[in-house]
Amino acid sequence: MKKIITTILVIAMLLSVAVFVGCPLDNGEYQITSVAVSPATLVMNINGTQQLIATVIATEGANQAVTWTSSNNAVAAVDANGLVTAHTIGSTTITVRSQVDNSKYATATITVSETPITPEIYSVSVSPASATINPGGTQQLAATVIALGGASQAVTWTSSNNAVAAVDASGLVTAVALGSTTITVRSVFDNSKYAAATITVATLSAGNINTMTARQILEHIYANVQPSAYIEEHSPDSPWMMVFTQAQVIDRGISWFLGVNGVPFSDISAIEPAVGFGFSLVVVRLNTGVNYQQWANTIYNNLDADKWVCVAADAVRVERIGNVLLALIADMPYINHLVAAFNTLR
């Protein structure tokens, strides 16, 4: 009897693992697009250190973890964060590889030389490169400076229009009035090396839906939805969710997100789970002049709450404001909460 019970438990455990592992594959196989490293070539002196920067292009919410390795640790070694330490004269290849998809990787060639390295700034970048903020709101910008030969990584921040938005010494932007401005982060060591971010100050509220991007509408929904553990678990901030750009939606297939092909749209953004539970939120702006309600009905009739391999949601819903559609697959009553947040844009 004990042997039978043990066998049943083992089978149940295997099935549960199969379900948990099997479900994400349907959505997760498109997670990693590319991996890049900067700088791609580098000359160092013995005992010198240099930080390499990995850039992983992936569906938002996907695991962007990487591993770093050196082909010749005797020449130069690299730690788990991409910091290279030079040991002796020679050359080595540093490889940074995605932990999710090990076919995606990038390499940097490191040469260790006795010749003194001239300090210089390799590059300056800023993230995010654009943002929309409500008046009185804030947005933290982050600068990445790749400095060689011991050059200072210090930067200065400036706004082209402080009346619209100002920026402090740490890159924190504060919106003042409606409009747009350019925030520039510039190297102190070499002022020819800089990066810029475009900041738009706009009231993301009713009446502006015609000028908002699909992604901004998606963010507005989550900013205004009634809070709950369910919403938190299914939000862009959740590690279990992936936010899809328009290019990623097209790559995955329009019919996966909207249930039907041929939808005439100009902008789209979606959020779906990376792991096993049923949920989908899609914001799509239809092309001007098409029959908006007809397409809303068509999408509603084709949305499938059981489209995932082994999970499902309670209900489907399509809501329309002008030529913008919200297509939802979610559990009750939270689907109504999300629709209510969308309707604040009316």
Accessible area of the chain belonging to carbon and sulfur atoms, whole % at 1.4 Å probe: 54 percent
Other-chain or far-sequence residues with amide H under 5 Å of Ser180's (modelled H): Val201
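Using only DSSP helix segments of four residues or longer, with each worth -39500 (n - 2.57), what per-residue ellipticity at 222 nm results for the chain after dividing by its residue count and rounding to 500? Please list the in-between numbers first.
Numbers: 7 runs with 75 residues, N = 346.
Helix contribution divided over all residues of the chain: -6500 deg cm²/dmol.
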Pair Thr111, Asn302: separation of 7 Å Cα→Cβ label points (nm): 5.6 nm
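Please give the net charge around Thr213, taking every other residue with its beta carbon less than 14 angstrom from that of Thr213, where Lys and Arg add +1 and Asp and Glu add -1.
Working: positive: Arg215, Arg285; negative: Glu219, Asp267.
Net local charge, Thr213 excluded: 0.
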Summed residue charge, Cβ within 11 Å of Ala327's Cβ, Lys/Arg positive, Asp/Glu negative: +1
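On average, how much accessible surface per residue is there in the chain, in Å², for a 1.4 Å probe, leaving out ligands, DNA and RNA? Intermediate results must be reported in sequence, preceding the final value.
Numbers: 16770 Å² over 346 residues.
Result: 48 Å² per residue.
So if each residue of separation counts as 0.36 nm, and I subtract the Cα-Cα distance between Gln140 and Thr344, what length gain in nm does that give? List each step's numbers first, then the result.
Values: separation 204, 0.36 × 204 = 73.44 nm, distance 2.63 nm.
Full extension of this stretch gives 70.8 nm more.
Excluding Ala296 itself, calculate the net charge of residues whose Cβ lies under 9 Å from the Cβ of Ala296, where each Lys or Arg counts +1 and each Asp or Glu counts -1.
Working: positive: Arg320; negative: Glu319.
Residues near Ala296 contribute 0 overall.
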Protein-only accessible surface order, largest first, of Tyr334, Tyr122 at 1.4 Å: Tyr122, Tyr334
Added length on full extension, which subtracts the Cα-Cα distance from 0.36 nm per residue, Gln226 to Thr41: 61.6 nm
Net lengthening on full extension, Asp331/Ile250 (0.36 nm per residue, minus Cα-Cα): 26.6 nm
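Under unit Cβ charges (Lys, Arg +1; Asp, Glu -1), what dipole magnitude, rounded to 20 debye, does the chain have relative to its Cα centre?
Numbers: 13 positive and 21 negative charges, 33 e Å.
Taking the Cα centre of the chain as origin, the dipole is about 160 debye.
The values are calculated or read from the model by the stated rules, or taken from the named source; none is laboratory data. In this text the structure is predicted, and so the values were computed from the model without any measurement. So basically every Cβ, Gly included, is an ideal-geometry build from the backbone, and we count neighbours across all protein chains shown. Note: areas computed on protein heavy atoms with side chains; ligands, DNA, RNA excluded. Shrake-Rupley method; radii C 1.70, N 1.55, O 1.52, S 1.80 Å.
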